[in-house]
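The values are calculated or read from the model by the stated rules, or taken from the named source; none is laboratory data. The structure displayed is predicted, hence computed values, not measured ones. Cβ atoms come from the backbone with ideal geometry, glycine included; neighbour counts cover every protein chain shown.
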Amino acid sequence: MKIIKYLFLFCIFLSLTSCFDVIDKINMKADGSGEYAVILNASKSKTRLQSISKMETINGKKVPKKSEIESKVNQASNVFKSVPGISNVKTSLDFDNFIIKLSCNFKKIENINSGLEQLKAKNIIGKTVPTQLYKQNVAEKTFIRNKIASYKNDYDKLSKADKEVFSDATYTSILQFENVIKSQSNNSYTVSPNKKAIKLNGNILDFILQKKQIQNTISLN
């Protein structure tokens with residue numbers, strides 16, 4: 001599946017349905033280590049996907065078999081396991097509800113950037129997928145979500161049918177911290193009542209066209 005290359009890994013179903021959720025979660029400790037997870041949840045479209053999974057092709061595109069999806073996820077898992085600083089890599093595939101998850105622990109958030117770079121180098125994710133997403137300065141108690149490029153030009157080149165893939169797709173990012181959040185530079189993120197977590201969500205298309213910005217600098221107490 002080469003369509004929608006610029007989205008994150010696990011987009012194996014995304015050209016088959018427009019109703020899916022991409023969620024990433026980071027739980028940061030004060031020393032800079034933490035836990036990372038990315039989830040593709042297409043359960044809202046499971047009835048449609050169950051029907052499509054029995055087909056060979058749809059709209060001229062080959063429908064991936066479960067074994068192909070498992071192979072892709074296993075490749076990603078093995079790549080992450082090979083990255084220094086990343087440990088406890090786990091994957092889960094729920095073909096009844098069409099939910100795929102990858103999670104791991106990291107010594108520093110930049111390890112995740114390295115993992116994404118390796119996925120790109122091995123052609124597991126597309127060449128235009130952003131990889132330098134995070135940065136942290138433990139001494140200064142700051143966490144940064146880096147700015148990503150606009151993909152408007154890529155989106156404009158898609159066919160009408162391919163554009164419809166994004167119509168009901170959503171993206172959610174959840175960042176949790178051991179320390180209290182003192183300030184942030186992007187107020188599109190909602191701060192939790194205990195001020196130890198922030199969340200950003202919206203239609204994926206809003207982020208592709210940069211109607212919503214991902215970048216944020218978070219200062220911690």
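Which one is farthest from Gln210 (Cα to Cα) among residues in the stretch 166-188 that are in contact with a helix residue (DSSP H, G or I) (Cβ under 9 Å, 6 or more places away or on another chain) and not small (Gly, Ala, Ser)?
Step by step, filter the stretch 166-188, then rank; the result is Asp168.
Looking at this structure, is Phe106 closer than 16 Å to Asp31 by Cβ, in contact (Cβ under 8 Å) with a residue 40 or more places away in the chain and among the hydrophobic types (A, V, I, L, M, F, W, C)?
Against the criterion (closer than 16 Å to Asp31 by Cβ, in contact (Cβ under 8 Å) with a residue 40 or more places away in the chain and among the hydrophobic types (A, V, I, L, M, F, W, C)), Phe106 qualifies.
Of all residues being of a type in the set (S, T, N, Q) and within 25 Å of Gln210 (Cα to Cα) in the stretch 101-147, which is farthest from the chain's Cα centre (by Cα)? Just the residue, please.
If we take residues in the stretch 101-147 being of a type in the set (S, T, N, Q) and within 25 Å of Gln210 (Cα to Cα), then Thr142 is farthest from the chain's Cα centre (by Cα).
Could you tell me whether Asn201 is loosely packed, with under 14 Cβ neighbours inside 10 Å and modelled with pLDDT of 90 or more?
Considered against the rule, which asks whether it is loosely packed, with under 14 Cβ neighbours inside 10 Å and modelled with pLDDT of 90 or more, Asn201 comes out as no.
Hey, which of the strands (runs of 3 or more DSSP E) in the stretch 117-221, taking only ones fully inside, have at least 3 residues that are closer than 24 Å to Lys72 by Cα?
So the answer is 170-177.
Just checking, which of Cys104, Cys19, Cys11 is modelled with pLDDT of 85 or more and not aromatic (Phe, Trp, Tyr)?
Cys104
Does Ala169 qualify as being touching a residue at least 12 places away in the same chain (Cβ under 8 Å) and over 18 Å from the mean Cα position of the chain (by Cα)?
No.
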